[in-house]
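The values are calculated or read from the model by the stated rules, or taken from the named source; none is laboratory data. Model, not experiment: these values are computed from the prediction. Quick reminder, even Gly has a Cβ in these numbers, built from the backbone with ideal geometry, and neighbours come from all protein chains shown. For accessibility, only protein heavy atoms count, side chains too; no ligands or nucleic acids. Shrake-Rupley method; radii C 1.70, N 1.55, O 1.52, S 1.80 Å.
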Amino acid sequence: MIRGTTPTHTFNLPFDTYLIDKIKISYAQDGNVVLTKEKGDCILQGNAVKVRLTQEETLKFNARYKVQIQVRVLTTENDSLASKIYERSMEDILEDGVLA
């Protein structure tokens, strides 16, 4: 990821998203959660969950640390599931701030 951009992340689940009651997508760096996205922030289609980050959100990250991402789901049948923790590099920009 690159700070100050608006990436869309797609997570493919092994089941249809209509079974999702609650979902949290957590983004952490250096052992601290920096950002959490929930069901209202996501687009659910088939077995895919899509979430878009804003410029302001990606500017919260530090380019010196990798970003850990994890998806947690509570199903309509009250099953609690979690993905493995994904790790992605974070790249910096030359001039900080939001482009408007």
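For this structure, a couple of remarks:
- In straight-distance terms, cross-link reach from residue 60 covers every one of the aspartates and glutamates whose alpha-carbon lies under 19 Å from its own, apart from those fewer than eight places away in the same chain; here that gives 30, 38, 41, 87, 91, 92, 95, 96.
- Taking only protein heavy atoms and a 1.4 Å probe, the accessible area of the chain is 46% carbon and sulfur.
- Net charge of neighbours whose Cβ lies under 11 Å from the Cβ of residue 57, counting Lys and Arg as +1 and Asp and Glu as -1: +2
- Exposed GluC sites (Glu not before Pro) absent: longest stretch of the chain, with sites in DSSP loops and at most 11 other Cβ within 10 Å deemed exposed: 1-76
- Length gained on full extension, residue 32 to residue 99: 21.5 nm, using 0.36 nm per residue less the C-alpha separation.
- Note on residue 66: lysines with a C-alpha under 19 Å away, same-chain residues under 8 apart excluded, are 37, 84.
- Sparse packing (at most 14 other Cβ atoms within 10 Å of the Cβ) combined with a DSSP loop state is found for the following chymotrypsin sites (Phe, Trp or Tyr not before Pro) in region 1-74: 15.
- For region 38-100, the solvent-accessible area of protein heavy atoms averages 71 Å² per residue (probe radius 1.4 Å; ligands and nucleic acids excluded).
- Square roots of five times the Cα gyration tensor eigenvalues for the chain, Å: 27, 14, 10
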